[in-house]
Amino acid sequence: MTTETSPAAGAAYRSPLLDRLPGAVQADGVDAGVAAHYGDLFREQRALASGHGFVDLSHRGVVTVSGPERLSWLHLLLTQHVSELPPGRATEALILSPHGHIEHALYLVDDGATVWIHVEPGTTGELVAYLQKMKFFAQVEVADATDRYAVVHAAGAEGPDVPEAVAVRRLAEGRDLFVRREALADAVVGLGPAVGLWAYEALRVEAHRPRLGFETDHRTIPHELGWLETAVHLQKGCYRGQETVARVHNLGRPPRRLVFLHLDGSEESLPSHGDPVRLAADGPAGRPVGFVTTAVRHHELGPIALGLIKRNTSPDAPLLAGTVAASQELIVEA
């Protein structure tokens, strides 16, 4: 099996923690290279939910932006207000197409000298190319730092200092640590039990948090996913796609909306990403009203999912997620 030290190495990535931590089972798809679980999915979920443990996110991309104009320059490109972002304050932002469709989701923090950003695996190339193209005469330096730094999520807003961390994004539920790749194994010592991505994803779905490439497709706009609340500042302009954001916000009619699905627990299998969502009354041959974005097994809620469906679908309508019966809760108001 090919082993590489970073996802930017040009071959299949395999985290060194997979071979050092007992019970690790590798994830697949876009999350390949890190652990899906360590043998006990629900125990891992409970640990993470209670503020214990860490998640290996070293397959994600890392981008840095430095220079005296880094914040004012990013402010012109991102959906978020970052021109006066205080050091240490975590935020998230989007980059949109000229038509307002979501192209990149950025999770960032400024340390007073550098903006540290982590993004979805495999997206750093296009992101850095776009940022480099937009530099013009700004005093900024943009770098794909994926080959040098990795991300680890530590549960709990507070915890022991990690000397290997060069930057920290403090969140309500935990900390995203940017660590040197060669020190990845040392960085997780003392952070509690190892937790796999399946548990991390289950809590993400429970919290209704969208993920680029899962809850999005080529035509998704921020309003459909609830990203207006966390990643878009509605009082700022001057970014690509802003006209669409303002128009749809003022009209209040996004074409689709994200919903939380409670799945029939008697089914053995979960629907897959992209499976059609239909009205139960129309049966499995009915016309789709949307699609399943992420389906998981939760330690308390059972099988649950997120789905993106047409705005005019009744919130009370029973659905079929693939072939699985489902009821819905609104995340984004109709």
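What follows draws every value from the coordinates through simple rules; no lab data is involved. No experiment lies behind these values; they were computed from the predicted model shown. Glycine also receives a Cβ, built like all others from the backbone with ideal geometry; neighbour counts cover every protein chain displayed.
Qualifying trypsin sites (Lys or Arg not before Pro) in segment 55-109, where qualification requires a DSSP coil assignment and no more than 13 other C-beta atoms within 10 Å, comprise Arg89.
Sort 94-102, 236-244 for me by packing, meaning the mean count of neighbouring Cβ atoms within 10 Å per residue, highest on top. The partial results should precede the final answer.
Numbers: 94-102: 18.8, 236-244: 15.7.
Descending mean neighbour count gives 94-102, 236-244.
Ignoring aspartates and glutamates fewer than eight residues from Lys310 along the same chain, the ones with Cα atoms less than 20 angstrom from its Cα are Glu215, Asp217, Glu224, Asp275, Asp282, Glu329, Glu333.
From the square roots a ≥ b ≥ c of the eigenvalues of the alpha-carbon gyration tensor of segment 61-144, which class results: rounded (a/c under 1.5), prolate (a/b over b/c), or oblate? Note, shape of segment 61-144 comes out rounded. On a per residue basis, the convex hull of the C-alpha atoms belonging to the chain measures out at 135 Å³.
Among Thr216, Thr313, Thr79, the largest mean-square fluctuation in a Gaussian network model of the chain, built with springs joining Cα atoms closer than 10 Å, belongs to Thr313.
Mean projected area of the convex hull spanned by the Cα atoms of segment 1-121, taken over all viewing directions: 9.8 nm².
Just need log10 I(q)/I(0) for segment 258-310 at q = 0.19, 0.24 Å⁻¹, Debye formula, equal scatterers on the alpha-carbon atoms, no solvent, rounded to two decimals. The calculated log intensity ratios at q = 0.19, 0.24 Å⁻¹ are -0.62, -0.95. Our summary of shape: the Cα atoms of segment 45-107 have principal axis extents of 40, 29, 20 Å, ordered from largest down, in whole angstrom. Scaling against 2.2 N^0.38 Å puts the C-alpha radius of gyration of segment 221-300 at 1.43.
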